[in-house]
Amino acid sequence: MEVKVEHIEKLLHALSVRTRQPLDFHGFDKMSELVEGKTNANVSKRYLYETLFRKISQGKNRKGEKIKVQPYKLDKISEYLGHENFQAFIHAVDNPIHPVLKGSIGTYHSYLRRNSADGVIFCSPVKIIEADQKIQFQLKGPLQVYTGGVEFRNGCLFILMQTDNGKQFHHVYQVGQREKPDVLQGIFSGVSTAFEPIGGRVILVRTTEKFESLKNHQVEISQLKKSKNLQERRIAEYFQDYLKNNVSIRKAGTFGIADLGECK
């Protein structure tokens with residue numbers, strides 16, 4: 001198998017960073033021990049130093065230079081680094097995750113107002129993680145877990161989250177170029193339990209608490225407004241006006257123009 005020198009160089013650099021070992025014979029000895037201990041593969045210090053490091057040292061200044069290597073051992077090194085195989089490692093280094101997406105990783109409280117005139121706010125646990133070289137979103141609802149990928153476009157985070165039974169919601173959050181936001185304002189859209197299209201405001205508030213310890217709950221806006229906590233009072237003010245926070249359609253009976261209402 002022929003592999004670009006630059007990819008081998010990046011693989012060894014990543015291995016050096018992960019193991020906190022220098023790129024020398026002693027360092028490769030420790031790297032070999034760690035890789036073999038985790039993957040049960042024969043990746044000797046001689047292989048790392050002679051077959052990889054010295055070969056790329058000879059050819060790394062020639063653009064497009066390739067060397068012949070054993071794919072199995074590269075796969076095992078990549079596996080140690082957290083990738084499925086060497087091709088997955090190459091894809092990751094050639095297509096790095098945007099810093100804004102990286103910065104969104106964390107645990108949050110999700111807040112939105114119930115789609116009704118009574119002032120009730122739903123709070124749900126959310127975590128944004130990196131998995132399989134992608135950024136993933138997970139929201140824990142009272143009955144179901146919603147998951148979906150996160151994309152960064154035009155200064156916003158786009159998320160289409162789904163459950164195992166097919167129910168889904170779409171969220172869009174403004175983030176600009178902020179790499180580690182504390183609060184994200186967004187818009188959600190989806191379908192209610194009565195199968196009606198709904199939408200409205202949603203916010204994410206970062207927390208240092210562990211995702212597993214967070215619970216779903218709901219709270220009345222009137223109660224939050226009396227809180228001694230400034231953050232809670234501001235959340236109450238943000239969601240206070242129903243018409244500014246929730247959107248729904250008129251009841252559809254004929255699916256004709258009459259459903260839009262009578263003209264005055």
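Read-outs throughout are calculated quantities, based only on the coordinates presented, and are distinct from any laboratory measurement. Please read all numbers here as calculations on a predicted model, not as lab measurements. As a convention, Cβ positions derive from the backbone with ideal geometry for all residues, glycine included, and neighbour counts pool all protein chains shown.
Listed values, structure above:
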| read-out | value |
| --- | --- |
| Simple spin-label estimate for Arg18 and Val145 in nanometres, 7 Å along Cα-Cβ | 2.5 nm |
| Approximate spin-label separation Lys180-Lys134, in nm, with each point projected 7 Å along Cα-to-Cβ | 2.7 nm |
| Difference of contour (0.36 nm per residue) and Cα-Cα distance, Glu65 to Lys215 | 48.6 nm |
| Relative compactness, segment 2-94, computed as alpha-carbon Rg over 2.2 N^0.38 Å | 0.97 |
| For Cα extents along the principal axes in Å, calculated from these coordinates, the label among [x] 63, 55, 32; [y] 83, 48, 32; [z] 55, 44, 33 | [y] |
| Pairs of Lys in segment 2-94 closer than 17 Å at Cα, counting only those 8 or more apart or on different chains | 28 |
| Neighbour net charge for Met31 - beta-carbon separation under 13 angstrom, K R +1, D E -1 | +4 |
| Cβ-based net charge around Tyr238, under 14 Å, with every Lys or Arg adding one and every Asp or Glu removing one | +3 |
| Residue-averaged [θ]222 nm for the chain, counting only DSSP H segments that reach four residues, each worth -39500 (n - 2.57) | -8000 deg cm²/dmol |
| Lysine pairs within segment 100-251, Cα separation less than 24 Å, 8 or more sequence positions apart or different chains | 27 |
| Between helix 230-239 and the chain: long-axis angle, C-alpha atoms, 0 to 90°, nearest 10 | 60 degrees |
| Segment 100-251 pair-distance distribution - Cα-Cα, 10 Å bins, rounded % | 11, 41, 37, 11, 0 |
| Over the chain, relative contact order from alpha-carbon pairs under 8 Å, at least 6 apart, % | 14 percent |
